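Undergrad: Here it is: the structure, laid out below.
The numbers here are math on the coordinates, done by the rules we state, and not lab data. These numbers were taken from a predicted model, which means no experiment stands behind them. Counting neighbours? That spans all protein chains shown, and the Cβs are built from the backbone with ideal geometry, glycine included.
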Amino acid sequence: MYKLTRTLPKEELFGLTSQMRRSAVSVPANIAEGFKRRGRPDKARHMNIAQGSHEELRYYFLLCGDLQYLPAGTGAVEIEEVARLLGAYAQTLLRSRDS
């Protein structure tokens, strides 16, 4: 993400560039924090926070395409794969709690 955001206009350094980096870092940070939590509900809550940060990042990619800062569709495959993985893990946590 850092390499990609270096290509954004310099006037976006404290705006879009910063937000994209923060949301991208937040995804694995929340997964890691949730991993160490003892209860499934707390693990699921952190996974949901990671999903929220991921959706925020997805929007920033769309915005970059709309503003023509990046080619349309940049990162789309990776964004969808991470969404699928996060969703599957969150569902596993929630199903296990209901069992």
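Undergrad: Once both labels are modelled 7 Å past Cα along the beta-carbon direction, what's the residue 63-residue 14 spacing in nm?
TA: In this crude spin-label approximation the distance works out to 1.6 nm.
Undergrad: Okay, moving on. Consider the candidate values [x] 49, 22, 16; [y] 36, 31, 19; [z] 62, 30, 20; state which one is Cα extents along the principal axes in Å computed from the structure displayed.
TA: So the structure-derived entry is [x].
Undergrad: Work through the residues other than residue 82 whose Cβ is under 14 Å from its Cβ and net out their charges, Lys, Arg +1 and Asp, Glu -1.
TA: Summing Lys and Arg as +1 and Asp and Glu as -1 gives -3.
Undergrad: Before rounding to the nearest 500, sum -39500 (n - 2.57) across all DSSP H runs of length at least 4 in the chain and divide by the residue total; then give [θ] at 222 nm in deg cm²/dmol.
TA: -24500 deg cm²/dmol
Undergrad: Turning to a different aspect of this structure: Can you tell me, using C-alpha contacts under 8 Å and at least 6 residues apart, the relative contact order of the chain as a whole percent?
TA: 26 percent
Undergrad: Under a plain spin-label model, where a point goes 7 Å from the Cα along Cα-to-Cβ, how far apart in nm are residue 91 and residue 3?
TA: Result for the modelled spin labels: 3.2 nm.
Undergrad: A further question follows. Compute the separation of the alpha-carbon centres of segment 20-60 and segment 62-93 and state it in Å as a whole number.
TA: 14 Å
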